[in-house]
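A short worksheet on the structure shown next.
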Amino acid sequence: MTADGGGEAGLDERQRIVRSAWRELPRGDRNLLEAIGADQWQVCERPLGMVADEMLRSADCGSLPSSEIARANTAVALWVVDLRVVLINEGHDAFGGLDGASVVYNLSRVAWHEWGHALSLDRAEHGDIAAGESYLGMLPEGFAKLVRRAGYRPNEYTHEIVAEVYSMLIGRRRVGQTGRPPWLPEEIYELVRRVVGWNQ
Ligand SMILES: [Zn+2]
């Protein structure tokens, strides 16, 4: 099932891309995601705060605060922890004007990032989350800036770093590169390994 709005064929194609991004995850990672109930996703073509709010209400999980709806409306993708589903807004500007290969790459990256989030939210420990600010300080400036500029709260830094590094690691794996990228501090690599079970 997908969202309303046009482009049925387009949406089918997007679903197929996300499915193949899923299959590209190492078997052990998929097992972990299945074990925490994070193997569902939906590709939509609408702002995700609205979609998530509707889904939560129809599942009797209450409504989202309007500030959260507004925040999520700007997101490319979202892990809705209460519903155990990854939502991706393929109508987002971030996917606008891309050629086919770039759509595949960006959509895969976004899905990997959200699966990294799901693992991080369930598996990161208090100490990991409390150390978010210091992990951010260890990252290369460009990477750290992205996280700071996106306006995350300090208690979200660790999740954001794990999700983005995980997505990068899977992307490198696609081109046959494994292990720790040279620019990634050892501490953060170990954090990601511990939280997402990465062993490639
Ligand atoms: Zn994120």
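The values are calculated or read from the model by the stated rules, or taken from the named source; none is laboratory data. What you see is a predicted model, and the numbers here were worked out from it, not measured in a lab. Here Cβ is always computed from backbone atoms with ideal geometry, including for glycine, and neighbour counts include all displayed protein chains.
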Return the total of residues in the stretch 83-104 being of a type outside the set (V, I, T), within 16 Å of L11 (Cβ to Cβ) and without any contact (Cβ under 8 Å) to a residue 60 or more places away in the chain. 7
Among the candidates Y166, Y189, Y135, Y152, which residue alone is modelled with pLDDT under 95 and either away from the ligand (no atom under 14 Å from the Cβ) or under 17 Å from the mean Cα position of the chain (by Cα) (or both)? Y152
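A quick yes/no check of all residues on (1) touching a residue at least 40 places away in the same chain (Cβ under 8 Å); (2) surrounded by fewer than 20 Cβ atoms within 10 Å (Cβ to Cβ); (3) in the same structural domain as A21 (by TED's automatic domain parsing):
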position: N106; (1), (2), (3): no, yes, no
position: R109; (1), (2), (3): yes, yes, no
position: Y135; (1), (2), (3): yes, no, no
position: E141; (1), (2), (3): no, yes, no
position: E156; (1), (2), (3): no, yes, no
position: P182; (1), (2), (3): no, yes, no
position: E186; (1), (2), (3): no, yes, no
position: E190; (1), (2), (3): no, yes, no
position: V195; (1), (2), (3): yes, no, no
Listed residues V80, V18; which is without any contact (Cβ under 8 Å) to a residue 60 or more places away in the chain and touching a helix residue (DSSP H, G or I) at 6+ places or on another chain (Cβ under 6 Å)? V80
If I filter the stretch 111-130 down to residues being touching a residue at least 40 places away in the same chain (Cβ under 8 Å) and more than 15 Å from the ligand (Cβ to nearest atom), which single residue comes out as farthest from L87 (Cα to Cα)? D128
For the stretch 11-22, does any single residue satisfy the condition of being over 20 Å from L169 (Cβ atoms), assigned to a helix (DSSP H, G or I) and within 15 Å of the ligand (Cβ to nearest atom)? no
